[in-house]
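See structure below.
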Amino acid sequence: MKKQHLLGIDIGATNLHVGLVPFPTKGTDLAEYEEPIDVAHGSEGIINQIHRVVERLANRQDIPLESIASIGVGSTGPLDVGTLKHPTNLPFEEVPIVEPLKVRYQVPCEMIGDCHAAVLGEVYFGVGKGQNRDNLNLGFVNIGSGLGVGIYSSGRLLLGKDCNAGEIGHIPLVTNGLMLKCNCGNYGCAEIYCSGLGIAKHGKIQLINENLDSELYTLARAKKARISDSDTWTYQDFEDFIDAELVCQAARQGVPLAERVLKSAIYYGGLVLSIIANTFDPDVITIGGTVAIEAQDLLLDGFRNEMVKHLRVREPNIQVTPLGRLAVLYGAAALAIEQL
Ligand SMILES: [Zn+2]
């Protein structure tokens, strides 16, 4: 059987997403399948789920599994040589991923972090497609639940000693004033001001500080009323219904509290971009992740305006990734190419 396909796997905090790309690749052809990640059956469960969804996609596309030439995995971290190691946003301890895939498919397989994968996706399928890789200097910023960064510098993906380079979201940018606590345990990290979880948390804290006297609170209660018969409002509702999407919606409607939260997200996001630009001097920084993609109207110009105030390098181009929500999946396929 001729090996004619690359298998890409994106292990996210909420979804498992797999894709098959014909090889040699022609443009951005990708067949994909996605479902919520199985967290109920431990580490065995996730490996079984990967096998199952790969088979489902291959069957649907009429692609024999024997035609897979190599496998790339982009995953939420932290990672340690082919293994998920106590991932921050998944309830697993240590889960070997690469070894079981190698055994099952008998082809080369490698795994890297999701933001590293995404920037590699840009190189092969996105803004860097068709260019000489030795001259490419790209940054990728993911603004989803958290804030992560991937860097490709003069033909090389920067991975670091444990493949965890790019944790720029945990640079402590705020050292006095409103010090929000990050999920990593520290205070004042960039991520907790400029990310989905951060924007939601900041919105809640501002609401409490203002004794719930804001249109944001009214919008949250109206949102619950639309999807629920119950007219009670509990602490859990406060936690669940005030999310980044609602804060962005309120900001578009001119709610002052939400505008302040977004202003702070833009400021710290802009600082993150200036840190990436000043440190790595990229030509382009692409921005992906659900929050960045869905709120690009609110964020992008502000990010740029803040970034340029702090630059000591030629200004990089800032744009939303052309790969959209598939950036990590394309990156996993790109990692598969690198193993051939
Ligand atoms: Zn942090």
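The values are calculated or read from the model by the stated rules, or taken from the named source; none is laboratory data. Computed from a predicted structure; not experimentally measured. Here the Cβ positions follow ideal geometry from the backbone for every residue, glycine too, while neighbour counts run over all protein chains shown.
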Over segment 163-185, the set of residues under 20 Å from GLY139 (Cβ atoms) and touching a residue at least 60 places away in the same chain (Cβ under 8 Å) is CYS163, ASN164, ILE168, GLY169, ILE171, LEU173
Would you mind telling me which numbered condition in (1) on the phi < 0 side of the Ramachandran plot; (2) at pLDDT 95 or above SER154 fails? (1)
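For segment 285-318, which residues satisfy the criterion of being closer than 24 Å to LEU329 by Cβ and not in a helix (DSSP H, G or I)? Give the derivation first.
Taking segment 285-318 and keeping what is closer than 24 Å to LEU329 by Cβ, we get 285-296, 299-300, 317-318.
ILE285, THR286, ILE287, GLY288, GLY289, ALA295, ASN317, ILE318, listed by residue number.
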Out of (1) assigned to a helix (DSSP H, G or I); (2) assigned by TED's automatic domain parsing to the domain that holds ASP213; (3) surrounded by 15 or more Cβ atoms within 10 Å (Cβ to Cβ), the odd one out for PRO282 is which? (1)
Being assigned to a helix (DSSP H, G or I) and either aliphatic (A, V, I, L, M) or within 12 Å of the ligand (Cβ to nearest atom) (or both) is the filter; apply it to segment 202-218 and report the residue that is nearest to GLN296 (Cα to Cα). LEU216
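Of the residues VAL107, VAL119, which is touching a Ser or Thr at 6+ places or on another chain (Cβ under 9 Å), among the β-branched types (Val, Ile, Thr) and assigned to a helix (DSSP H, G or I)?
Working: VAL107 fails: assigned to a helix (DSSP H, G or I).
The conditions single out VAL119.
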Of those in segment 182-228 that are charged (D, E, K, R) and surrounded by 13 or more Cβ atoms within 10 Å (Cβ to Cβ), the residue farthest from SER264 (Cα to Cα) is LYS224
Could you check segment 166-201 and list, in sequence order, the residues that are closer than 20 Å to GLU239 by Cβ, within 14 Å of the ligand (Cβ to nearest atom) and either of a type in the set (Lys, Arg) or assigned to a loop (DSSP other than H, G, I, E, B) (or both)? LEU180, LYS181, CYS182, ASN183, CYS184, GLY185, TYR193, SER195, LYS201
Could you count how many residues in segment 124-144 are crowded, with 23+ Cβ neighbours inside 10 Å and either without any contact (Cβ under 8 Å) to a residue 24 or more places away in the chain or β-branched (Val, Ile, Thr) (or both)? 2
Note on VAL81: of the conditions (1) touching a strand residue (DSSP E or B) at 6+ places or on another chain (Cβ under 6 Å); (2) modelled with pLDDT under 95, unmet is (1)
Give segment 145-165 a look and list any residue that's surrounded by 23 or more Cβ atoms within 10 Å (Cβ to Cβ) and either among the basic types (Lys, Arg) or within 15 Å of the ligand (Cβ to nearest atom) (or both), or say none. SER145, GLY146, LEU147, GLY148, VAL149
